[in-house]
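Asks: So that we are looking at the same thing, I have put the structure below in structure tokens.
The values are calculated or read from the model by the stated rules, or taken from the named source; none is laboratory data. Remember, it's a predicted structure, so these values are computed and weren't measured experimentally. Please note: Cβ atoms are built from the backbone with ideal geometry, for glycine as well, and neighbour counts cover all protein chains shown.
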Amino acid sequence: MHNRGHLGVTLILLSPILFYLLVNEYLFTAFYATLLALLCTTLPDIDLKFQTKSTILHRTPVIRRFVPNIRHRGITHTIWFAMLIGTLSAGVSTGLLYWNEVIVFLPETQFIVLSFGLGFVSVLFHVVGDMITPRGINPIHPVSYKNLSIPVSLAGNRFANEFFSVLGFLLFIYTMGSTIVYYINFFSREQIMVVYGGLYASILVVFLIYALGKPRFDACAYFIQRRLLNR
Ligand SMILES: [Zn+2]
């Protein structure tokens, strides 16, 4: 999946967390969480920069010797990398707390735990985005090289990338809209959470039926067939 698609998948999965933060009046935290998640979710594909001959680094004679050759969808697409990014996020957030305590509005420990969680899940959201392509991922290698793949679409499929980015954007807008509805006091917190959850699930289901109902994604059936035959 390309960057746009990954950002979309992350917005889709992040929206309920954001909504929870927003209706509990953790506005700054919600804003911070969005930025953090969108940044972290693009990090796994940093491995593309380290592939042989793929970057200027590898083409520069002296520098080339010091640049490691990392396989694409290798170590940066694992649970270990997710943990590393979670830890770094928690570190950055701790720094932020020391720098300016006032802006957080969330108990310190919760803020740090949330930051770890966001860094961690944002990388996993990226990994999920790559899992739905035929090539799949090896999420716990080198412990196990088991390949996980539920092929829905080829990574480069334009419709799939557009679909996820548009759906992510729509759900993000929907989350903001629902927050405004809550703040102008149409519903109690419990009511708005139930309404939000119900509509969120419905939007997701309708869009997925629309996309999967016709062969818009691509010929992944071919890959599934090949997998079955290999068994
Ligand atoms: Zn990737």
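Asks: Test each condition in (1) part of a loop (DSSP other than H, G, I, E, B); (2) within 14 Å of the ligand (Cβ to nearest atom) for PRO142 and report the one that comes out false.
Replies: In the conditions (1) part of a loop (DSSP other than H, G, I, E, B); (2) within 14 Å of the ligand (Cβ to nearest atom), PRO142 misses (2) alone.
Asks: Six or more apart or on different chains, Cβ under 6 Å: which pairs go from a residue in the stretch 41-61 that's more than 12 Å from VAL123 (Cβ to Cβ) and outside any helix (DSSP H, G or I) to one that's more than 16 Å from the ligand (Cβ to nearest atom) and at pLDDT 65 or above? Could you list them?
Replies: Correct list of pairs: THR52/HIS58; THR52/ASN69.
Asks: Could you please give the count of residues in the stretch 1-20 that are crowded, with 23+ Cβ neighbours inside 10 Å and over 25 Å from ILE137 (Cα atoms)?
Replies: The number of residues fulfilling the criteria is 1.
Asks: Can I ask one more? Here is a list: ALA221, ALA211. Which entry is modelled with pLDDT under 85, surrounded by 16 or more Cβ atoms within 10 Å (Cβ to Cβ), more than 26 Å from THR76 (Cβ to Cβ) and of a type in the set (Gly, Ala, Ser)?
Replies: The match here is ALA211.
Asks: To continue, here is another question. Can we say LEU114 is surrounded by 17 or more Cβ atoms within 10 Å (Cβ to Cβ) and modelled with pLDDT under 95?
Replies: Values: surrounded by 17 or more Cβ atoms within 10 Å (Cβ to Cβ): yes; modelled with pLDDT under 95: yes.
For LEU114, the condition - surrounded by 17 or more Cβ atoms within 10 Å (Cβ to Cβ) and modelled with pLDDT under 95 - is met.
Asks: Taking the condition of being of a type in the set (D, E, K, R) and surrounded by fewer than 17 Cβ atoms within 10 Å (Cβ to Cβ), how many residues in the stretch 119-146 meet it? Write out each step before concluding.
Replies: Keep residues of the stretch 119-146 that are of a type in the set (D, E, K, R), which gives 130, 135, 146.
Next, only the ones that are surrounded by fewer than 17 Cβ atoms within 10 Å (Cβ to Cβ) stay: 135, 146.
Residues in the stretch 119-146 being of a type in the set (D, E, K, R) and surrounded by fewer than 17 Cβ atoms within 10 Å (Cβ to Cβ): 2 in total.
Asks: Under 9 Å by Cβ, and 6 or more places apart or on different chains, what pairs join a residue from the stretch 104-130 that is without any contact (Cβ under 8 Å) to a residue 60 or more places away in the chain with one that is assigned to a loop (DSSP other than H, G, I, E, B) and within 16 Å of the ligand (Cβ to nearest atom)?
Replies: Hits for this filter: LEU124/PRO139.
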